[in-house]
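In what follows, a single structure is set out as structure tokens and then discussed.
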Amino acid sequence: MAEGKDYQLDVKGLFPPLAHLKVIQLCNEMEPGDTLRIEHIDAETIRDLLTILKRCPLELQGPQDQSGWYALHLTKKT
């Protein structure tokens with residue numbers, strides 16, 4: 001089986017609606033097996049994002065505290 005693409009998205013400093021939009025747009029473009037690392041600074045906004053992403057077929061890992069910002073790892077499922 002072919003490996004998926006790896007994406008990285010840094011949304012630190014973006015207002016929540018714009019950060020959410022960028023993540024959702026990229027998740028919609030991803031193929032099964034693709035992974036996405038999201039770097040974000042606001043833990044509260046991450047909670048909102050996780051609620052939004054429950055509708056997508058994604059495997060979530062994180063958030064992981066990275067000393068002042070957070071990282072989420074997503075893998076698109078089939």
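The values are calculated or read from the model by the stated rules, or taken from the named source; none is laboratory data. On a predicted model such as this, the values are computed, not experimentally measured, just so you know. Heads up, the Cβs are rebuilt from the backbone with ideal geometry, glycines too, and the neighbour counts pull from every protein chain shown. Please note that ligands, DNA and RNA were not included when accessible areas were found on the heavy atoms of the full protein model with its side chains. Shrake-Rupley method; radii C 1.70, N 1.55, O 1.52, S 1.80 Å.
Pairing residues of the range 49-78 that are more than 11 Å from THR35 (Cβ to Cβ) with residues that are of a type in the set (Ser, Thr, Tyr) and modelled with pLDDT under 85, at Cβ distances under 9 Å and at least 6 apart in sequence or on separate chains, gives PRO57/THR78. Assess whether GLY13 counts as being assigned to a loop (DSSP other than H, G, I, E, B), surrounded by fewer than 18 Cβ atoms within 10 Å (Cβ to Cβ) and not aliphatic (A, V, I, L, M). Yes. Close contacts from the range 4-21, counting a first residue that is over 14 Å from GLU44 (Cβ atoms) and a second that is modelled with pLDDT of 90 or more and among the small types (Gly, Ala, Ser), with Cβ to Cβ under 8 Å and a gap of 6+ residues or different chains, come to GLY4/GLY33.
What number of residues within the range 22-76 satisfy the criterion of being within 15 Å of LYS5 (Cβ to Cβ), in a loop (DSSP other than H, G, I, E, B) and open to solvent by 60 Å² or more (accessible area, probe 1.4 Å)? So the count comes out to 2.
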